[in-house]
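Visitor: Got a structure for you, written out below as structure tokens; questions coming shortly.
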Amino acid sequence: MAEINAAQLLELVNSRRVDGDSGGDARVRAITARIVGDLFRTIDEFDVQPDEFWAAVKWLTRLGQADMVGLITAGLGFDRLLDIRLDEADLAAGRAAGTPRAIEGPLYVAGAPLSRHEVRLDDGNEARGAPFVMEGQVIGTDGQPVPHAVVDIWHCNESGRYSHFDPSQPAYNLRRRIETDELGRYRFRSFLPPGYAIPPDSPVSELFALLGRHGNRPAHIHFLVSGSGKRALTTQVNIPGDTYLDDDFAFATRDGLVVALEPVQDSAGYESLGLHQPFTRIRFDFRLQDAGSEREAIPASRYQTVMA
Ligand SMILES: [Fe+2]
């Protein structure tokens, strides 16, 4: 048995187990067998040389060491694929659609400070760009408001970087949670964040250079919205006018998530957000599906990062 060909080797890799037919986990075994088989075929079809193979292994190692696996999954379409499949499952099950879901990305941090009804994300710093307010309601697919829903918001700073991952920013900078009022209303003040690109000189940028692709994301704001009896929603809104709106590195732009910017001259009623001047407003309601299970209602991160 010592001398084997590639097909025999694959068969051995995928059939070996210590415990007869019952060893291991059947699903993990089946999926691993498929992936290993596909990679064996790829190596064969492209005549992959040993130095190429080990360069790829080293790249994967560096990718993990840089904590960038969650960035490459977005750039290679896997994050959007999972959303497409959830949408298809909803359609097949006849579930009423809510606000479109969008990718979470790898930069969510749980446990942001919680406020009632409204908050400032800019920490009162007036110099951070033209003021804007985003406001609306959290509602169900029946249009009824969801009181005491939680809108978890995160966006990048003026340089396109996120707190926690960028050590120069204070903890939870530009990350807040808002509990909606009795009418499901929320509102917050911030500045419009810019688009940003994947880090240069990183394993991700190396691959994208080789693929001839750019690593830019259009300007966006992330949300994780949850409420009693409702299915938690991970989504983003896109700010119109960005060069990369329809050419997102992460394929996350969706119809219904590109918001309108509305100039507001009269700041009456917005004094509690420190506004006494004209500002830009986004109005957006989050429409949540009914939860099909307790698990669906939990505002769980897909790619959890807990603040240390
Ligand atoms: Fe982002």
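No lab work stands behind these numbers, since they all come straight from the coordinates. On a predicted model such as this, the values are computed, not experimentally measured, just so you know. All Cβ positions, even for glycine, are placed from backbone atoms using ideal geometry, and neighbour counts span all protein chains on display.
Visitor: What relative contact order, as a whole-number percentage, does the range 148-214 give when Cα pairs under 8 Å and 6 or more residues apart are counted?
Guide: 33 percent
Visitor: Another question about this same structure. What FRET efficiency comes out for THR243 versus ASP166 if R0 is 22 angstrom and r is the Cβ-Cβ distance? Round to the nearest 0.05.
Guide: With a Förster radius of 22 Å, E is 0.45.
Visitor: Compute a Gaussian network model of the chain, connecting alpha carbons closer than 10 Å, and tell me which residue from PRO200, PRO240, PRO100 fluctuates the most.
Guide: Highest fluctuation among the options: PRO200.
Visitor: With only Lys, Arg, Asp and Glu charged, each at its Cβ (+1 for the first two, -1 for the last two), find how big the charge dipole of the chain is about the Cα centre; round to the nearest 20 debye.
Guide: 580 debye
Visitor: Identify, among ILE4, SER22, PHE46, the residue whose Cα sits farthest towards the positive end of the charge dipole of the range 1-46, taking +1 on the Cβ of Lys and Arg and -1 on the Cβ of Asp and Glu, with the dipole about the Cα centre.
Guide: The residue sitting farthest along the positive end of the dipole is SER22.
Visitor: Quick check: the angle from helix 50-65's long axis to the longest principal axis of the chain, C-alpha only, nearest 10 degrees?
Guide: Orientation of helix 50-65: about 30 degrees from the principal axis.
Visitor: On full extension of the chain, what length is gained from ALA197 through ASP142, given 0.36 nm per residue of separation minus the C-alpha to C-alpha distance?
Guide: 16.0 nm
Visitor: May I pose another question? Only bridges with both residues in the chain count here: give the DSSP antiparallel percent, nearest 5.
Guide: Restricted to the chain, the bridges split so that about 65 percent are antiparallel.
Visitor: On to the next question. Relative to the compact globular guide of 2.2 N^0.38 Å, what is the alpha carbon radius of gyration of the range 60-124, as a ratio?
Guide: Against the compact-globule rule of thumb, the ratio is 1.56.
Visitor: In angstroms, what radius of gyration and Dmax does the range 1-46 have, counting Cα atoms only?
Guide: Rg then Dmax for the range 1-46, in Å: 11.8, 36.
Visitor: Also, I was wondering about something else. So for the chain, averaging the separation of alpha carbon pairs under 8 Å that are six or more residues apart and normalising by length, what relative contact order in percent results?
Guide: Relative contact order, the chain: 22 percent.
Visitor: Then there's this: Output ³J(HN,Hα) for the range 117-133: one whole-Hz value per residue in order, computed from phi by the Karplus curve 6.51 cos²θ - 1.76 cosθ + 1.60 with θ = phi - 60°, and x for Gly and Pro.
Guide: Here the 3J(HN,Hα) series is 6, 8, 6, 9, 8, 8, 6, x, 7, 6, 8, 8, x, 4, x, 9, 10 Hz.
Visitor: Mind listing the long-range amide H neighbours of ARG287? Cut-off is under 5 Å, sequence gap 5 or more, other chains count too, H placed in the peptide plane at 1.01 Å from N.
Guide: Counting only residues 5 or more places away or on other chains, the set is THR99, ILE139.
Visitor: Could you state the number of Å between the C-alpha centres of the range 80-106 and the range 63-79?
Guide: The distance from the Cα centre of the range 63-79 to that of the range 80-106 comes to 20 Å.
Visitor: Hey, with R₀ at 51 Å, roughly what FRET efficiency would GLU158 and ALA7 work out to, going by the Cβ-Cβ distance, to 0.05?
Guide: FRET efficiency, GLU158 to ALA7: 0.35.
Visitor: Further question: Provide the per-residue ³J(HN,Hα) series for the range 170-175, in order, calculated from phi with Karplus coefficients 6.51, -1.76, 1.60 and θ = phi - 60°, each as a whole number of Hz, with x at glycine and proline positions.
Guide: Result, ordered by residue: x, 4, 6, 4, 6, 10 Hz.
Visitor: If you plug each phi of the range 73-84 into the Karplus form 6.51 cos²θ - 1.76 cosθ + 1.60 with θ = phi - 60°, what whole-Hz ³J(HN,Hα) values come out, in order, with x for Gly and Pro?
Guide: Computed from phi, the couplings for the range 73-84 are 5, 5, x, 9, x, 5, 5, 5, 4, 5, 5, 4 Hz.
Visitor: What whole number of Å gives the distance from the Cα centroid of the range 144-201 to the Cα centroid of the range 2-36?
Guide: 46 Å
Visitor: If I build a Gaussian network model for the chain, linking alpha-carbon pairs within less than 10 angstrom, which residue out of SER267, SER168, SER22 has the largest mean-square fluctuation?
Guide: For the chain, modelled as a Gaussian network with Cα springs under 10 Å, the answer is SER22.
Visitor: So if I average 1/r over every pair of distinct C-alpha atoms in the range 146-207 and take the inverse, what Kirkwood radius in Å does that give?
Guide: It is 13.7 Å.
Visitor: What is the pair-distance distribution P(r) of the range 82-171, computed from all Cα-Cα distances in 5 Å bins starting at 0, with each bin given as a whole percent?
Guide: 2, 9, 16, 18, 20, 15, 11, 7, 3, 0
Visitor: Mind pulling the per residue volume of the convex hull built on the Cα atoms of the chain? Å³ is fine.
Guide: 178 Å³
Visitor: Put +1 on the Cβ of every Lys and Arg and -1 on every Asp and Glu Cβ in the chain; which of VAL146, GLY94, VAL13 then has its Cα farthest towards the positive end of the dipole?
Guide: VAL146
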